[in-house]
């Protein structure tokens, strides 16, 4: 069901909302401090990417791996899309999808 927060569709919507918000940003905007915390916006989004990747690894029964922090922050939206797609493809328990969607939504709010 489309409104179900435990569905892959809910995660897709959250990811696309974040990507729409940041997809046009240039390096100075990525380097600025996030509204919450004492980290750059890029670091905050990368932390979100890592959390979603961790959920995907758990769902696949694989060890968690560090998502590379690329030099170009403009790649972060694509990294988020990839790890979110990996999570959905792993057919995780609904709680993992809900947790990922909440993480993405919280990150978007903190920017």
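Using the alpha carbons alone, the radius of gyration of segment 26-110 stands to its Kirkwood radius in an Rg to Rh ratio of 0.98.
In plain terms, the residue of 81, 41 with the fewest other Cβ atoms within 10 Å comes first and the most crowded comes last, giving 81, 41. Once the chain from residue 58 to residue 35 is taken as fully extended at 0.36 nm per residue, the excess over their C-alpha distance is 5.3 nm. With respect to the chain, whose longest principal axis is taken over its alpha-carbon atoms, helix 76-89 is tilted by about 0°. Largest GNM mean-square fluctuation among 100, 84, 34, using the chain with Cα springs under 10 Å: 34.
Projecting label points 7 angstrom from Cα along Cα→Cβ for residue 24 and residue 106 puts them 2.9 nm apart.
Under Stokes-Einstein, with the Kirkwood radius over Cα pairs as Rh, the value for segment 1-62 at 37 °C and 0.692 mPa s is 246 µm²/s.
Rule-based calculations on the coordinates, nothing more; no lab input. Small disclaimer: the values here were computed from a predicted structure and weren't measured. All Cβ positions, even for glycine, are placed from backbone atoms using ideal geometry, and neighbour counts span all protein chains on display.
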